[in-house]
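This report refers to the structure that appears directly beneath it.
Values in this text are rule-based calculations from the coordinates and carry no lab data. Small disclaimer: the values here were computed from a predicted structure and weren't measured. Cβ coordinates were reconstructed from backbone atoms using ideal geometry, including for glycine residues, and neighbour counts include every protein chain displayed.
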Amino acid sequence: MKKSFVFFIGLGLVLWSNPVAAQLFGNFNLFSIQDDIQLGKQVEAEIAKNTQEYPILEEARYPVAYRELRRIRDEILQSGMVKYRQNFEWKLYIIHDDKTLNAFVTPGGYIYVYTGLIKYLDNEDQLAGVMGHEIGHADQRHSTRNMTKQYGVSFVLGMILGRNPGQLGQIVGALSGNLAGLKFSRDMEEEADAYSVKYLARTRYQCNGAAGFFEKILSQGSGKEPPQFLSTHPSSQTRVRDINQRAQEEGCSTKLSGQPYEVLKNSLP
């Protein structure tokens, strides 16, 4: 048994230190689906307490806004392409901040959208593209995959050697308060873009809707940069190109759906 452990440890270290192998095993995740769910709940609780930084609109006061956002979310979830549709919460929250063009998602599918983003976008297809992107981050478990890269070797060694058996819970607890601002890698951003197209291809929406956001940023000149939620790497031009290329490969519709976006915009404070 000990020899098997030593072999596993040695193999793990080789894989982790080899760039080619690291790419091949890029989906490796030491965290369970339940860990994603629990971590999302913890982040949700932290955000709810921080009302100054995250002034969330009450659904009781803005039922139309939440109804419209849920309608968009549900169409994406019902595309048949979201792997953890039945496992994750997929809760929606609207943050009242008109100056911020942002949205983010936590593990377990807790989606936060800023009023500034909703008001900035031109149509519902663009918003669906952004939401598809965020759902992609959660569904591909990018947050815990990032944590695996950061803590993986020491975690595996500790668990195999019987040290700190509760280490996973400690990591989850320690990181729960700062995941909202977690930055994703270039590859993960590209993967979320690709899944946005894949999801929307099975809906009524323009499947390259996410590209519309970048196109608007670009049309306003270099003074405007995409917010963190869609990252500046790769560049906006590259993102537009890649999203459109993915849409062409999918053979999906790039025509606007014509959904009435003003209903959502007019329902906000």
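Here the gap between residue 60 and residue 45, fully extended at 0.36 nm per residue and compared with their Cα-Cα distance, gives a gain of 3.5 nm.
One chain, two ends: residue 122 and residue 100. Fully extended at 0.36 nm per residue, the span grows by 6.3 nm beyond their Cα-Cα distance.
In plain terms, the residue of 188, 131 with the fewest other Cβ atoms within 10 Å comes first and the most crowded comes last, giving 188, 131.
Here the range 27-164 was treated as a single set of alpha-carbon atoms; its pair distances binned every 10 Å from 0 give 11, 38, 32, 13, 5, 1 percent. The C-alpha atoms of the range 40-120 occupy a region whose extents along the principal axes are 36, 27, 24 Å, arranged from largest to smallest. Counting neighbouring beta carbons within 10 Å and listing from fewest to most, the residues 77, 57 come out as 57, 77. Cross-link partners for residue 149 among the aspartates and glutamates, with Cα-Cα distance under 15 Å and sequence neighbours closer than 8 places in the same chain left out: 187. On the beta carbon distance between residue 255 and residue 150, with R0 = 41 Å, the FRET formula returns roughly 0.45.
If neighbour count is taken as other Cβ atoms inside 10 Å, put 147, 81 in order from fewest to most.
81, 147
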